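**Q** Sharing a structure here in structure tokens format.
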Amino acid sequence: MATELSTKHVLGIKYLNAEDIQLIFETADNFKEVINRPIKKVPSLRDVTIANLFFENSTRTRISFELAEKRLSADVVNFSASSSSVKKGETLLDTVNNILSMKVDMVVMRHPAPGAHFFLSQHIDANIINAGDGTHEHPTQALLDAYSMREKLGDLRGKNIAIFGDILHSRVALSNIFCLQKLGANVRVCGPPTLIPKYIEKLGVSVSYNVKETLRWCNVANVLRIQLERQDIKYIPSIREYAQYFGITKSMLDDLDKEIVIMHPGPINRGVEITSEVADSEHSVILDQVENGVAVRMAVLFLLASKR
């Protein structure tokens, strides 16, 4: 069993191995116990300074990281591009170097450009955690998703996991595919043909355009929203038609002869990709995902800090 990560950054699931993922999960188990105590803080990252750099809007991921950092007693600096010198034309490297001059040890960054984190890792000394880069990867979301599945199903080897929705524009989908395959799961994507990337089968996943059939196949349905803000052309005739043909309803779940787990990384468009009845049903672990997100991010921060 590995006792430390094989990498000094978490740039993407692509760069982690199965042992890294299991180590993160086992570390997260310990931190989950910590965040359910009356006193939720540990001094593990005292004297470590972490900068949260968000060049794109974020609510859940930013709050989750900030909470994880504070639970570990780290010093936290928050940076938002909308109120920064980036607006005045400053480059990414200049921005980060200025922040590092203030003796920052770790950088958690969300950026609209795929590969921005990899570029930074070649130029600066701090540990970097990818909190989302364009439509490329979102590794900590995939880790917390897989961790939540593991809580429900145990070992994911041989389990059938379906990812529904806007696969084309989703960084969550790609990271989930990489993570689940490294854990031995079978992965299928399901959505309108216009929102499924060409050649995605080359990643070793199966493709379906039939929601009911895919629900019958899977143990877990991880449902993604339609990312209208990333779409430069119309990929679907209307939201109403998408909901009619690809939305998941309670009656669909009632028709199954088994229990399946419903997940969603948020934000949920209720009545579009899933109905409120499904989101709030006993099948749903959506709120567990939020809680697990803090524990998993604490684990990632703690393990990277030990690499310094």
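The values are calculated or read from the model by the stated rules, or taken from the named source; none is laboratory data. Please read these numbers as outputs of a predicted model, since none were measured by experiment. Positions of Cβ are backbone-derived with ideal geometry, glycine not excepted, and every protein chain shown enters the neighbour counts.
**Q** Look at E66 and say whether it is out of contact with any helix residue (DSSP H, G or I) (no Cβ under 9 Å at 6 or more places or on another chain) and within 22 Å of D145 (Cα to Cα).
**A** yes
**Q** Might you let me know whether the stretch 26-33 holds any residue that is in contact with a Phe, Trp or Tyr (Cβ under 8 Å, 6 or more places away or on another chain), aliphatic (A, V, I, L, M) and either assigned by TED's automatic domain parsing to the domain that holds T91 or surrounded by fewer than 17 Cβ atoms within 10 Å (Cβ to Cβ) (or both)?
**A** Scanning the stretch 26-33 turns up at least one residue that is in contact with a Phe, Trp or Tyr (Cβ under 8 Å, 6 or more places away or on another chain), aliphatic (A, V, I, L, M) and either assigned by TED's automatic domain parsing to the domain that holds T91 or surrounded by fewer than 17 Cβ atoms within 10 Å (Cβ to Cβ) (or both).
**Q** Can I ask one more? Of all residues being at pLDDT 95 or above and among the hydroxyl-bearing types (S, T, Y) in the stretch 124-152, which is surrounded by the most Cβ atoms within 10 Å (Cβ to Cβ)? Just the residue, please.
**A** T140
**Q** Now a separate question. Working carefully through the options Q244, Q231, find the one that is out of contact with any Leu (no Cβ under 8 Å at 6 or more places or on another chain), modelled with pLDDT under 95, surrounded by 15 or more Cβ atoms within 10 Å (Cβ to Cβ) and not assigned by TED's automatic domain parsing to the domain that holds S64.
**A** Q231
**Q** Of the residues that make up the stretch 200-215, is at least one exposed (fewer than 15 other Cβ atoms within 10 Å of the Cβ), at positive phi, in the same structural domain as R157 (by TED's automatic domain parsing) and small (G, A, S)?
**A** Yes, the conditions are met somewhere in the stretch 200-215.
**Q** So in the stretch 173-228, with the set limited to residues that are of a type in the set (K, R) and in a helix (DSSP H, G or I), which one is nearest to D155 (Cα to Cα)?
**A** Ranking the qualifying residues of the stretch 173-228, first place goes to K182.
Residue-wise test of (1) touching a residue at least 12 places away in the same chain (Cβ under 8 Å); (2) closer than 20 Å to T140 by Cβ; (3) not basic (K, R).
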site	(1), (2), (3)
L5	yes, yes, yes
K14	yes, yes, no
K32	yes, yes, no
I39	no, no, yes
A51	yes, yes, yes
F55	yes, yes, yes
A74	yes, yes, yes
N97	yes, no, yes
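**Q** I've got another one for you. Considering only the stretch 281-304, I want to know if a residue exists there that is charged (D, E, K, R) and more than 30 Å from T7 (Cβ to Cβ).
**A** For the stretch 281-304, residues charged (D, E, K, R) and more than 30 Å from T7 (Cβ to Cβ): present.
**Q** Could I ask something else about it? Does any residue of the stretch 261-272 turn out to be in a loop (DSSP other than H, G, I, E, B), at pLDDT 95 or above and not hydrophobic (A, V, I, L, M, F, W, C)?
**A** For the stretch 261-272, residues in a loop (DSSP other than H, G, I, E, B), at pLDDT 95 or above and not hydrophobic (A, V, I, L, M, F, W, C): present.
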